[in-house]
Amino acid sequence: MNVVDKLPSLQVMLKHLQKVPYLSSKNMYRVATHFLHMDRSQLEYFCQALLHAHDRLVPCPTCCAWQEKDAPCQFCQSAKRDQKTVCVVESWQDLLAIEKSGAFSGVYHVLGGVICPLDGIGPEHLSIEQLVKRASTIDEVIFATNQTPEGEATAAYIAHCLQQVPVRITCLACGVPVGSALEFLDRITVYKALAQRKEF
Ligand SMILES: [Zn+2]
């Protein structure tokens, strides 16, 4: 019999940890052990922090980046940022990578993924409609979707949706390695890709 089968409480815990993406099965046991060794009070703080963030953070209705409930979006409501230049990213992690590069002072649009028919993700599952809606107030849209077949197909689909809108469309310069996600690139590569962006 499997060792874990004799420990039903652990089984329940592992069942929930299995649902956490990006956690390999090897690391799952490490994380489970870490939780078991934690003080009860520490563990309570940890759970409360997760619930608090879950309750308090909502996507901005304009750009879909996380914002604190009842607080202004740090991008869309900022007078210091160029509200007419919008960088389109797949995820909030990609937004962070661009912010870290220091190369961009415009605002963002977080798609929430890419079109991927194999995974059942169509344009209606992403925030493309919101982007088209705000496009009439924008001068330039910069595609910073990742250079994967899905990322490029998503950019092409959005460009098609924006055909009737008089907006300049650009994309990141070559230099971003094909197939890699922005969030894993170094600051300088992201900086150069943005600074040397080209017409889409
Ligand atoms: Zn916003």
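Results, tabulated for the structure shown:
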{"read-out": "Selection status of Gln67, surrounded by 17 or more Cβ atoms within 10 Å (Cβ to Cβ), modelled with pLDDT of 95 or more and out of contact with any His (no Cβ under 6 Å at 6 or more places or on another chain)", "value": "yes"}
{"read-out": "Strands (runs of 3 or more DSSP E) fully within region 93-185 counting 1 or more residues that are of a type in the set (Asp, Glu) and out of contact with any His (no Cβ under 6 Å at 6 or more places or on another chain)", "value": "140-143"}
{"read-out": "Any hit, region 82-89, residues being closer than 26 Å to Tyr157 by Cβ, assigned to a loop (DSSP other than H, G, I, E, B) and within 16 Å of the ligand (Cβ to nearest atom)", "value": "no"}
{"read-out": "Residue count for region 56-67, restricted to those that are more than 15 Å from Leu96 (Cα to Cα) and either near the ligand (Cβ under 8 Å from one of its atoms) or among the basic types (Lys, Arg) (or both)", "value": "4"}
{"read-out": "Residue count, region 46-66 (criterion: closer than 29 Å to Phe35 by Cα and either touching a residue at least 40 places away in the same chain (Cβ under 8 Å) or assigned to a strand (DSSP E or B) (or both))", "value": "3"}
{"read-out": "Single match in Asp94, Asp70, Asp39 (criterion: more than 30 Å from Ala155 (Cβ to Cβ), among the acidic types (Asp, Glu) and within 16 Å of the ligand (Cβ to nearest atom))", "value": "Asp70"}
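The values are calculated or read from the model by the stated rules, or taken from the named source; none is laboratory data. Given the structure is predicted, the values throughout are model-derived calculations rather than measurements. For neighbour counting, all protein chains shown are included, and Cβ atoms are generated from backbone atoms with ideal geometry for every residue, glycine included.
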